[in-house]
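S.K.: Submitted below is the structure of interest, expressed as structure tokens.
The values are calculated or read from the model by the stated rules, or taken from the named source; none is laboratory data. Just so we're clear, the structure is a prediction, and the values are computed from it rather than from any experiment. Glycine also receives a Cβ, built like all others from the backbone with ideal geometry; neighbour counts cover every protein chain displayed.
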Amino acid sequence: MDRFALAPAAIFDGERLREAHAAVVEGERVVGVEAVGALPEGMEVRELPGCTLLPGLIDCHTHLSDWMLPAFLAAGVTAVRDTGNDLAWILRRRERTRADPMAGPDILCCGPLLDGSAAFWPHIGRSHTDAAAIRRSVDEMAERGMDAVKLYVHLTTEQIGAAATQADQRGLPLLAHLGPSVDLATAVSAGVREVQHLTGCVHHVEGWRTNVDEVAASAASLARAGVAQCPTLVVWDRLCRLNDTAFRHDRRDRWVHPEISAVWQRFPHRTGDVADRLDRQRSVNTMKRVLGALAGAGCTVIAGSDAPFPHLVPGFSLHDELSLLVDAGLEPAAALASATSVAADHLGLADYGRIRAGSIADMVAVGGHPLEDICVLSDVRLVLRRGRIVNFEALGATAAQLFARPADDPFSRLMIDFAEPAAGRG
Ligand SMILES: [Zn+2]
């Protein structure tokens, strides 16, 4: 099998920066990271001047639709975790991408949102009236081969505890989006070890009520307990700035299905009054301060976007999330690790998230130096998927075909119905 090397200006291998090195690829794997001067004579070398080569990025919080898959690859996101979708639909997509990796990123999935007595999102949620019911659902998710289970906002503390115990017995990771009635300390004592959106410690509308000092005081014990945070700052940032005209001029929108772009323009939060929007903006600042305190104390932070909520272009919104993590006080290397090595370790993906001998050859080259300016991430120059260079033109053609069809998969339907409940498409 032919070997070739990618020789960028620098390699961020998931943990540290290496200059004057090349990644050597054979088949689907990286077989080594070598000093450029030490490459064997005659080896095919693809120079990437001015570029930094990174491991393929991992988005730990998305809700997939078919039209999103080309966008992820265009952005260098080569693995995603779906955190709530129709069970049968997501299983089919996971199978399809396993069979054809060039069709999209690798998919991990949680199946439906496991919710309390009423499902907040009926399209993708499942209601449970008691602890026994949620234990049965966790068993079913294990039997269907889910990669994790996701708990949702209406669950009681008793149900959360039952789900956590059952998931632990089945060896199934568990993540939670906590509702307003369950605080983080309670959830952690019930067994939760991964939290979405900083729920349980920040209110997304009335964030000023959060006592940041109190959260900071508990941060070290949360870190010791192994609590990971998937903050998805970017979705809250966008939800409080839906009316910003800047987002109407985002050229990356060409990777978004036109029906969904249209939904973004009429999303319900747009009509909220100015005071409400400003309160939400204050809450995003509180989220950043809380995250800075948690990360500073050593809590694991993994990156997720919550695409395709408004103005979250699949894949590219993960770049935006990493910028916000830097705003919140993370070092750029820590932000990059949250979407590469740290994400892979957290998700149990041993061969992902790093550029080293033996890892899957999923990589992305960006123009410039993301450790100096995290914003260069969206300047994607080359994407390698399982050792093959992604053809952006072919990807654009695939996207165009998908955009010519109605966006009628379960999550697109959820978005369309949510933005226009009266016109629900049945
Ligand atoms: Zn979500």
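S.K.: Condition test on Leu73, is it within 13 Å of Ile355 (Cα to Cα), under 23 Å from the mean Cα position of the chain (by Cα) and among the hydrophobic types (A, V, I, L, M, F, W, C)?
M.R.: Working: within 13 Å of Ile355 (Cα to Cα): no; under 23 Å from the mean Cα position of the chain (by Cα): yes; among the hydrophobic types (A, V, I, L, M, F, W, C): yes.
Here the answer is no, as Leu73 does not meet what is asked.
S.K.: So which of Val290, Val263, Val301, Val284 is touching a strand residue (DSSP E or B) at 6+ places or on another chain (Cβ under 8 Å) and either among the aliphatic types (A, V, I, L, M) or crowded, with 22+ Cβ neighbours inside 10 Å (or both)?
M.R.: Val301
S.K.: Follow-up. Any residue that is outside any helix (DSSP H, G or I) and either buried (at least 17 other Cβ atoms within 10 Å of the Cβ) or free of Cβ contacts under 8 Å to residues at least 12 places away in the same chain (or both) - is there at least one of those in the range 218-226? Break it down stepwise before answering.
M.R.: Restricting attention to the range 218-226, the residues satisfying the condition of being outside any helix (DSSP H, G or I) are 225-226.
Remaining after also requiring either buried (at least 17 other Cβ atoms within 10 Å of the Cβ) or free of Cβ contacts under 8 Å to residues at least 12 places away in the same chain (or both): none.
For the range 218-226, residues outside any helix (DSSP H, G or I) and either buried (at least 17 other Cβ atoms within 10 Å of the Cβ) or free of Cβ contacts under 8 Å to residues at least 12 places away in the same chain (or both): absent.
S.K.: Just one of Arg81, Arg29 is away from the ligand (no atom under 15 Å from the Cβ) and within 28 Å of Ala350 (Cβ to Cβ); which is it?
M.R.: Arg29 is the lone residue from the list that is away from the ligand (no atom under 15 Å from the Cβ) and within 28 Å of Ala350 (Cβ to Cβ).
S.K.: What pairs can you find where one residue is in the range 49-65 and closer than 30 Å to Val149 by Cβ, the other is of a type in the set (Val, Ile, Thr) and within 11 Å of the ligand (Cβ to nearest atom), and their Cβ atoms are less than 9 Å apart, with a gap of 6+ or different chains?
M.R.: Cys60/Thr83; Cys60/Thr232; His61/Thr83; His61/Thr232; His61/Val235; Thr62/Thr83; His63/Thr83; His63/Ile124
S.K.: One residue is enough: does the range 127-149 have a residue meeting the conditions within 16 Å of the ligand (Cβ to nearest atom), farther than 21 Å from Leu233 by Cα, touching a residue at least 60 places away in the same chain (Cβ under 8 Å) and surrounded by fewer than 19 Cβ atoms within 10 Å (Cβ to Cβ)?
M.R.: Yes, the range 127-149 has at least one match.
S.K.: When you scan the range 270-283, do you find a residue that is in contact with a helix residue (DSSP H, G or I) (Cβ under 8 Å, 6 or more places away or on another chain) and either within 16 Å of the ligand (Cβ to nearest atom) or at positive phi (or both), even just one?
M.R.: No, the range 270-283 contains no residue that is in contact with a helix residue (DSSP H, G or I) (Cβ under 8 Å, 6 or more places away or on another chain) and either within 16 Å of the ligand (Cβ to nearest atom) or at positive phi (or both).
The rows are residues; the columns are (1) of a type in the set (Phe, Trp, Tyr); (2) assigned by TED's automatic domain parsing to the domain that holds Gly84; (3) more than 19 Å from Ala10 (Cα to Cα).
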residue: Phe309; (1), (2), (3): yes, yes, yes
residue: Gly315; (1), (2), (3): no, yes, yes
residue: Leu325; (1), (2), (3): no, yes, yes
residue: Gly329; (1), (2), (3): no, yes, yes
residue: Ala335; (1), (2), (3): no, yes, no
residue: Ser341; (1), (2), (3): no, yes, no
residue: Val366; (1), (2), (3): no, no, no
residue: Pro370; (1), (2), (3): no, no, no
residue: Asp373; (1), (2), (3): no, no, no
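S.K.: Residue by residue through the range 87-123, note down the ones that are modelled with pLDDT of 95 or more and within 17 Å of Leu178 (Cα to Cα).
M.R.: Within the range 87-123, Cys110, Pro112, Leu113, Leu114, Asp115, Gly116 qualify.
S.K.: Do the conditions hold for Glu34, that is, is it touching a strand residue (DSSP E or B) at 6+ places or on another chain (Cβ under 6 Å), outside the structural domain of Pro105 (by TED's automatic domain parsing) and surrounded by fewer than 24 Cβ atoms within 10 Å (Cβ to Cβ)?
M.R.: Numbers: touching a strand residue (DSSP E or B) at 6+ places or on another chain (Cβ under 6 Å): yes; outside the structural domain of Pro105 (by TED's automatic domain parsing): yes; surrounded by fewer than 24 Cβ atoms within 10 Å (Cβ to Cβ): yes.
For Glu34, the condition - touching a strand residue (DSSP E or B) at 6+ places or on another chain (Cβ under 6 Å), outside the structural domain of Pro105 (by TED's automatic domain parsing) and surrounded by fewer than 24 Cβ atoms within 10 Å (Cβ to Cβ) - is met.
S.K.: Still on this structure, I have one more. Hey, could you check the range 70-116 for residues that are small (Gly, Ala, Ser) and within 23 Å of Thr52 (Cα to Cα) and say which is surrounded by the fewest Cβ atoms within 10 Å (Cβ to Cβ)? Explain how you work it out, then say what you get.
M.R.: Let us first name the residues in the range 70-116 that are small (Gly, Ala, Ser), namely 71, 74-76, 79, 84, 88, 99, 103-104, 111, 116.
In the following step, the residues that additionally are within 23 Å of Thr52 (Cα to Cα) were identified as 71, 74-76, 79, 104.
Details: Ala71: 26, Ala74: 22, Ala75: 27, Gly76: 30, Ala79: 26, Gly104: 25.
Among them, the one singled out is Ala74.
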